[in-house]
Amino acid sequence: MDKRFFNIFGLTEEQAIAIIDTPIEQLDDPSEKYIAVSHLINFPTEQSIAALIRAIENSNPDELDQRIVRRKAVESLGRLKVESALPVIRQCLSDDDIYTVENAVWAIGEIDTKDPEILEEVAQLLDKPGQIHRVIIHTLANADYKPALERVKKFTKAEDEPTRSAAIATVCRFTGDYSEITKVMALLVSPNVNARRGCIQDLIDSRYYKAIPDIARCPVSLVFRLRALRILLDTGVSTGEITFTEFQPYLEQVLNDHPKDLDLVHEYDVTPVLNFVIDELYQTDFGRCYLATKTLLDVYRQEAAEALLATYAQKAHNDYGAHYHVMKLLGWLKYTPAYDLLVENLHNREPQFQKSRTACAIALGQLGEERAIPELKAILKTPIWDLKYAALMALEQLGDSSIREIASDDPDWLIRAKATS
């Protein structure tokens, strides 16, 4: 599990536990307790686990602030995969709060219990009106709890697309009949961003390797697509079901992340003004960001670089989504004056800007300046596989012939495969 984002609150374990054990009305800000239960993910110790269980048992579900803490404590126990916490998590399955129930189901899935009694309790939630069903179906599928098959089938025609996707994929897995999996793949171009993200997860869980080219073209953040391709490649190559060279072009297509290689799901009725397009880079639906990116490259190429530097100075420097798009665009625009900015952000170690480092590596390759070669080679010491791979792509583009020698003994098989390809 990637834990780079977890340790951002600066609390010690003892301080976090003390906050958890302080009555919420005595805290300056009720959110302190939420932060504390979130932070204990960094400390897989008996005292932290006990504190998280107390946070669940001692919370008043009638108070919203405490209900939120309770949900997060359940989630933290799931992230820590605390099997001994299953009894208290199991009690939360009967909670009146649907989000606490959802987190409890998710935590049970993370702990990966095979207890048929617990899994049957989870399955019975499929009949609970008003409950969120996607996580329930997903958990039952990963636990291979086939007694839930008929109950899951009811949701293969659900109006909610993420739920429908999970149900269809689960029926395919339970029955071995994948004839309906195309209905899941169709959601890769849904206008609903949650449906697009959810169906990628369903295709991962189904180990449906034929979906890789379509996943690569799905207009969601490359984080979701890279995770999918990495898991599918790790599994498929290790079992011999697929080869690296077969799917290498799709991996590199995702890392390059140009809008021309995506199936865009949004469109403009009329060509928008430049300021509107720049503002679209801040959307949480990356499908809209990619449409804006395409528009900047196609329509506003002459004015784009100046506008991007202006928005970077104003707020994109602190918005990790827009930051990513700005870095990538500066490379495609071949805007040489951005070289120093790209190098600076190539080495940015702030966890929320990690995908921007990959964007900077690709952008430096696009600029075509050989002075970037030492900077990119330095990146090959990072443990972050996608950043290393992007650096190799950029070095290749810059004509550096030493990458085979540099990366051929890397501990990551994927980096070795790229170096020798």
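We did not get these values from a lab; they are worked out from the coordinates using the rules stated. It should be emphasised that the depicted structure is a prediction, and the values quoted were computed from it without experimental measurement. Cβ atoms come from the backbone with ideal geometry, glycine included; neighbour counts cover every protein chain shown.
Over what distance in Å are the Cα centres of the stretch 338-383 and the stretch 20-46 separated?
37 Å
GNM on the chain, C-alpha springs below 10 Å: top fluctuator among 401, 59, 356?
Of 401, 59, 356, the Gaussian network model singles out 401 as fluctuating most.
Lysines within cross-link reach of residue 146: Cα-Cα under 28 Å, excluding same-chain residues under 8 positions apart?
By straight Cα distance, residue 146 reaches 81, 114, 128, 154, 157, 183, 210.
Whole-Hz ³J(HN,Hα) for each residue in the stretch 10-25, computed from phi via Karplus 6.51 cos²θ - 1.76 cosθ + 1.60 with θ = phi - 60°, x for glycine and proline: what do you get?
x, 8, 7, 4, 5, 5, 4, 5, 4, 5, 4, 8, 8, x, 4, 6
With r defined as the distance between the Cβ atoms of residue 18 and residue 62 and R0 fixed at 22 Å, what FRET efficiency is calculated, to the nearest 0.05?
0.35
If R₀ is 45 angstrom, what is the calculated FRET efficiency for the pair residue 46 and residue 241, using the beta carbon separation as r and rounding to 0.05?
Calculated value: 0.60.
Let me know the longest stretch in the chain that avoids all GluC sites (Glu not before Pro) found in a DSSP loop with at most 11 other C-beta atoms within 10 Å.
1-158
Can you work out ³J(HN,Hα) from phi for every residue in the stretch 341-348, in order, using Karplus 6.51 cos²θ - 1.76 cosθ + 1.60 and θ = phi - 60°, giving whole Hz and x for Gly and Pro?
Running phi through 6.51 cos²θ - 1.76 cosθ + 1.60 with θ = phi - 60° gives 5, 5, 5, 4, 7, 4, 9, 6 Hz.
Within the stretch 274-420, count lysine pairs with alpha carbon atoms under 12 angstrom apart where the residues are 8 or more positions apart or belong to different chains.
5
So for the chain, taking the charge dipole from beta-carbon charges (+1 Lys/Arg, -1 Asp/Glu), which of 42, 372, 323 sits furthest toward the positive end?
372
Under 10 Å, Cα contacts only: if you run a Gaussian network model on the chain, which one of 371, 225, 207 comes out with the highest mean-square fluctuation?
371
Based on the Cβ-Cβ distance from residue 274 to residue 117, what FRET efficiency comes out when R0 is 60 Å, to the nearest 0.05?
0.50
Which label belongs to the value computed from this structure, given these candidates for semi-axes √(5λ) of the Cα gyration tensor in Å: [x] 34, 27, 19; [y] 44, 21, 17; [z] 38, 27, 23?
Computing semi-axes √(5λ) of the Cα gyration tensor in Å and matching it to [x] 34, 27, 19; [y] 44, 21, 17; [z] 38, 27, 23 gives [z].
Could you work out how far apart the two model spin labels at residue 343 and residue 132 are, taking each label as a point 7 Å from the Cα in the direction of the beta carbon, and quote it in nm?
Placing both labels 7 Å along Cα→Cβ, they lie 4.5 nm apart.
Residue separation times 0.36 nm, minus the C-alpha to C-alpha distance between residue 352 and residue 91: what's the value?
Difference between extended and current length: 90.5 nm.
Taking the stretch 46-125, which trypsin sites (Lys or Arg not before Pro) meet the DSSP loop condition and have no more than 15 other C-beta atoms within 10 Å?
Answer by residue number: 81, 114.
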